[in-house]
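What follows is a single structure, written as structure tokens, with notes after it.
The values are calculated or read from the model by the stated rules, or taken from the named source; none is laboratory data. All values reported here derive from a predicted model rather than from experimental measurement. Heads up, the Cβs are rebuilt from the backbone with ideal geometry, glycines too, and the neighbour counts pull from every protein chain shown. The area values use the complete protein model at the heavy-atom level, side chains included, leaving out ligands, DNA and RNA. Shrake-Rupley method; radii C 1.70, N 1.55, O 1.52, S 1.80 Å.
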Amino acid sequence: MQNILSALNESQLEAVKKIDDPVLILAGAGSGKTKTITSRLAYLVGVVGIDPANTLTLTFTNKAANEMRERALSLLRSADLKIIYPPLLCTFHKFGLLFLKFYINRLGRKNNFIVIDSDDKKRILKSFEIEMPTSVVSNEISRYKNSFITPDLAKEQAEGKHYEIIASLYERYEAYLLQNNLVDFDDLLTLTYKILDEDQELCEEISNRYQYIMVDEYQDTNDLQYRLLKKLCYAHSNICVVGDDDQSIYGWRGANIKNILEFSQMFDNTTIIKLEYNYRSTDEILRAANDLIEHNRSRLGKVLKSTKGKGKAVQFMESSDENQEASAVALRVRQLIDSGVNPKEIAILYRINALSRSLEEGLNRMRIPFKMVGGVKFYERAEIKDLISYLRIVINPHDDFSLLRVINRPKRGLGKVTLDKIAYLANTAKLSVYDFMRQNADVLRDTVSKKSYEKLMEFLDGVESIMAISNNSSYDLIDEIERIFGIRQYYKELPDSVERILNIDEFFGLFRDYIKQNPEATIDLFLNEIALQSEQDQIGGDSINIMSVHASKGLEFEYLFVIGLEEGFFPLIGESNDIEEERRLGYVAITRAKKELTLSCSESRFYKGKRTDLTKSRFLNEAGVCGGGLILEKSSEFKKGDLIKHKIFGIGRVTEVTRVKKECKLRINFGGDKRDILSTFVEKI
């Protein structure tokens, strides 16, 4: 064990040896977090002599759990320590499963329950013949469960038709699970917490069993996981959590950054240990990361220090538009590969998925094979396939494949059984679905409801109207498709609308730009062009990686490009977006780079369906990469967290907003000097 401990730096060693009372290990990116956790577990068992059965280490993925378990056991074996049975090291949900197998009977349920996966969950929801994407309903039900919202409460809180429908489906879904003795992924934690919360004696027994608890990636825990940990610490306070508040990027998924920021208030006598030596990136890369994240106010604070040396300066690339950007990045990637760099060591990141479209096309033109990690290629996304199908119908209404894809999107009250019947009748009559519906109105009227029949007639009339328009003008076609069929509006009303609308706007802009550049082009030429651009089967060899910043968490690459660094794209700005979480995303992106980092922006992009001039991201300025990036806005609307400028006091951050009659009064923090100032005397940055 002495050899194992000698391999740790001073902070890591302190974290390993501090075994009593709450411990928060602030582990910066690339600071040897896994090494510290596994060494601490080996120290507890191999030196202190803690029974492995009295330890519990919780992670978020099976991959992380398996890696940590193997590394901890390897450390113990290398110290010639024989372990009869390994310590319990698993995901939160695996722990919940093990617990429920023993104690679910306390809820009056049998312990021979079956755990269903996400596909099973969607199939159950689909059997209810719902008229919205099952993934949307599934995600909302998951959110309800993790927020302790019962079906009754969901119905009570529902705002708008869509949420009323989801709440009703939630009630039916829960009844189905109970009737069939099924447990879904979220139940593994919600039911575990429910049992511990209702049985104090059992709670104390379980807490005494697991006297030493460790939690990985603590910044990603949600309210439910925090409450569960409090129950597990009912009889003691020996909890050690490891995480990085600067890498908390899953607020939209329910993660609560307060769990790590306020850990010392939630658990008394907490010791905070910072791991600041970075073993991944060069000093130049870390300087940019440190400079950027320093602009956040809600953080515990640490500074990453490189063990790799100075390295190459962070590169800045500015292009006139997204096509030039894609070509410039692809050229640089080609040069790296030709110089002998392994493609697997190259990655390109973006904040929003819509930006992948031009990037994919640029890489294809340069014949560079790429792998999209954790995402769907632009032309394979459901909303883009819908738009392409509508354009195909305009060219050829007898394209049954395309017509059947969108005949009920937006919804026209047609279930799968009805659509299958229409397709069968058309096939029997040896007609296309379009011709069958036009030529057999009486049969169609008997096949579907009166309301659906009227909707189908509207659909056919709409198709014919657009066909007539397409003969005269291609440029306005996409607007007419939206006006008549409302595809954008359909997706806008769904809970997961933001990314989909950005993708639709990107496609609208792409179509207009293509027609503008090729005035004589027909729709079929446009469709053939994008079919070629999106086809990558002919490209072989090792692949580079392209992905969203969210998908890159936990990964690292020798050569990294981050594109789309403009205001509105990165950071993404909107009511639901937290600028500090956006900045943490920027920090995560930068710290994926090991050797060389290139940050890229464009002067213009398609934005909300039209070409728009853009401003450099404030993050470029904050990271010290280039000047500019801060914008003064004339706005009467202010919210907590806004950065403002006052002509006397300078730049400050809004901490509170109150109304005084028609005036807006702001509480502003000017570097520690807090003042109340009327909004008309400041400008938003």
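So what does the Cα-only Debye profile of segment 284-433 read at q = 0.08, 0.20, 0.22 Å⁻¹, as log10 I(q)/I(0), no solvent term?
-0.46, -1.27, -1.35
Among 582-591, 310-319, 131-140, 281-290, what's the highest-first ranking by average C-beta atoms within 10 angstrom per residue? Display every interim value, and only then the final one.
On the way: 582-591: 26.0, 310-319: 15.9, 131-140: 18.3, 281-290: 23.3.
Highest mean packing first, the order is 582-591, 281-290, 131-140, 310-319.
With viscosity set to 1.002 mPa s at 20 °C, what whole-number translational diffusion coefficient in µm²/s follows for segment 366-524 from Stokes-Einstein and a Kirkwood radius over Cα pairs? Walk me through the numbers on the way to the answer.
On the way: Rh = 17.1 Å.
Approximately 126 µm²/s, per Stokes-Einstein.
Taking only DSSP H segments of four or more residues, each worth -39500 (n - 2.57), what value at 222 nm results for the chain once the sum is divided by all its residues, to the nearest 500 deg cm²/dmol? Walk me through the numbers before you get to the answer.
Details: 30 runs with 316 residues, N = 685.
Calculated at 222 nm, the ellipticity per residue is -14000 deg cm²/dmol.
Binned at 10 Å from 0, what are the whole-percent values of the Cα-Cα distance distribution for segment 1-113, short to long?
13, 40, 31, 12, 4, 0
Report the percentage of all Cα-Cα pairs in the chain whose separation exceeds 46 Å, rounded to a whole percent. Display every interim value, and only then the final one.
Values: 67706 of 234270 pairs.
Beyond 46 Å sits 29 percent of the P(r) for the chain.
In terms of modelled amide H atoms, which long-range or inter-chain residues lie less than 5 Å from the amide H of E217?
V242
Tell me the Kirkwood radius of segment 1-40: reciprocal of the mean inverse pair distance over distinct alpha-carbon atoms, in Å.
Numbers: mean 1/r = 0.0955 Å⁻¹.
With all distinct Cα pairs of segment 1-40 included, I get 10.5 Å.
What are the ³J(HN,Hα) couplings of segment 111-126, residue after residue, when phi is run through the Karplus curve with 6.51, -1.76, 1.60 and θ = phi - 60°? Round to Hz, x for glycine and proline.
The phi angles translate into 7, 9, 5, 10, 8, 9, 8, 5, 5, 4, 4, 5, 5, 4, 5, 5 Hz.
Using square roots of five times the C-alpha gyration tensor eigenvalues, list the equivalent-ellipsoid semi-axes of segment 237-301 in whole Å, biggest first.
On the way: eigenvalues 113, 50, 24 Å².
Over the Cα atoms of segment 237-301, the ellipsoid semi-axes are 24, 16, 11 Å.
Under the Karplus relation 6.51 cos²θ - 1.76 cosθ + 1.60, θ = phi - 60°, what is the ordered set of whole-Hz ³J(HN,Hα) values for segment 256-270, x standing for Gly and Pro?
Each residue of segment 256-270 in turn: 10, 4, 4, 4, 8, 5, 10, 4, 5, 7, 7, 10, 5, 6, 6 Hz.
Gain in length, K450 to R209, computed as 0.36 nm per residue apart minus the alpha-carbon separation, to one decimal in nm? Can you show the working numbers first?
Values: separation 241, 0.36 × 241 = 86.76 nm, distance 6.40 nm.
Value of the extension gain: 80.4 nm.
Could you please put Y475, Y144 in sequence from largest to smallest accessible area, using a 1.4 Å probe?
My answer, sorted largest first, is Y475, Y144.
Kindly report the accessible area of the chain per residue (heavy atoms of protein chains, probe 1.4 Å, no ligands, DNA or RNA), in Å². Spell out each step's value before the answer.
Details: 31620 Å² over 685 residues.
For the chain, the solvent-accessible area averages 46 Å² per residue.
Give me the base-10 log of I(q)/I(0) for segment 546-591 at each q in 0.13, 0.20, 0.25 Å⁻¹, Debye formula, one uniform scatterer per Cα, rounded to two decimals.
Debye curve over Cα of segment 546-591, log10 I(q)/I(0) at q = 0.13, 0.20, 0.25 Å⁻¹: -0.29, -0.66, -0.97.
Scan around S319 for amide H atoms under 5 Å from its own, H built in the peptide plane at 1.01 Å from N, and keep only partners 5 or more places away or cross-chain.
Amide H neighbours of S319: C601, S602, E603.
Which value, in Å² and to the nearest 10, is the accessible area of M372 when all protein chains are kept and the probe is 1.4 Å?
The accessible area comes out at roughly 30 Å².
Which distance in Å, rounded to a whole number, links the C-alpha centroids of segment 69-122 and segment 124-191?
Each part reduced to its Cα centre gives a spacing of 26 Å.
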